[in-house]
Each structure stands twice: as C-alpha cells, then as structure tokens.
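Single-structure report; data block below.
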Amino acid sequence: MFKKTSMLLAASIIILGLSSTANAAPKTKYGVTVVECDFDYEDEKFCTDSRLKSYATVMKERKPNFNGNQVIYIFDTNITGYVNKKPYRLVVIDPAKKTVVPFGYSLSAATGSNGKPIIVNKKGDTIDFDFSIKSNRFCFSGDIDAYRMSDSYVDQPFCFKYDKAQKDMMREY
C-alpha cells in the first residue's frame, strides 16, 4: 500500500511540474519558434494556434522594419486587466532565425488619472509607436499596463532597446 501511494504521489508531482513549465518553454509550429508563451500574471497567450499562424504570415509577408533585419509586429487584443482600455501587444520577429520574442507589456492609449484621453503628439493621437529599421530602439507614447510595472504617459515616450544577447527589449531609464 505504501509503495502504491508513493508511486501515485511521485507521478502527481511529475505531472504538476510538467504542466507548470509547459507555458514557459518555447513553442515551435508553422515554422516559427516563440521564445516565451506567456508572462506571470498576464492573460495574454503568445503561443495560441491563431497567434502562431499570424506570426508565420507576418514573417513571410512583411519586410523588416526594425533593427536592420527584424520585424516589430503590433497587434490589438481584447485581453486586459484594465477596464475600458484597448490593449496592444507586440512581438519582435527575426525572419532569419524564425524566432518570435514577445514584449512583456500591454500598451494602451494615454489617459489621465480621471480616465480622459491625453494627446501624445502633434497629430492629436493618444497612442504613438516610434521605431525604424535603422535602430534597435523602440519608443512608445501611451500607457504601459503590466502587473506591478504599469506606467502612465507623462510628457515623453517610454523607450526600449532590443538586446540581442538577452533576446528581449530592455527599458531605458
């Protein structure tokens, strides 16, 4: 009886361990590899079948627009923990390596503490993305919505640099 209980306990621990690491592991499908499927305390899933298909399509159809040979792909999503906000997510796609690196923040239009929109540029927009093929720098004017890392727009953009060694966007302060 003790042996049977021990075996069941060991099997349960292994199954729980596998299920908890499954989302953290990279996922490959449709010829692309996503290096991170989701982030702690976030609802966005970057490795769903439809997302993987969209990355493969973007990789085939779009020309590089960032950091020499990469593609920044910005998409809107319904998933957010913030009421009355239309969130955007982004990934950095490397067509040569066929990898997708998700950005850990949800981005939304700039709003004041009263919830009213804030204009972020001379065109009258409440959200603005700034990046180019000639630079590894990505800047965003709007609000950052993330667990324990939320920030509201205040007169200047939030800027990040893509670090090839880290395979991630690193925030500039």
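Observations
- Taking all protein chains into account, the per residue accessible area for region 71-132 stands at 53 Å² (1.4 Å probe).
- Using a probe of 1.4 Å on the protein chains alone, the accessible area found for SER152 is around 70 Å².
- Share of carbon and sulfur in the accessible heavy-atom surface of region 56-173 [1.4 Å probe, %]: 48
- 13 Å beta-carbon shell around ARG89, net charge (K/R +1, D/E -1): -3
- Net +/- balance of residues flanking THR77 in space, Cβ distance below 13 Å, scoring K and R +1, D and E -1: -1
- Of LYS53/LYS116; LYS122/LYS167; LYS27/LYS53; LYS97/LYS161; LYS29/LYS167; LYS123/LYS164, pairs whose Cα-Cα distance is over 24 Å: LYS53/LYS116; LYS122/LYS167; LYS123/LYS164
The values are calculated or read from the model by the stated rules, or taken from the named source; none is laboratory data. For clarity, every value in this text was computed on a predicted model and none was experimentally measured. Virtual Cβ from ideal backbone geometry, glycine too; neighbours counted across all protein chains shown. We work out accessible area using only protein heavy atoms, side chains counted, and drop any ligands, DNA or RNA first. Shrake-Rupley method; radii C 1.70, N 1.55, O 1.52, S 1.80 Å.
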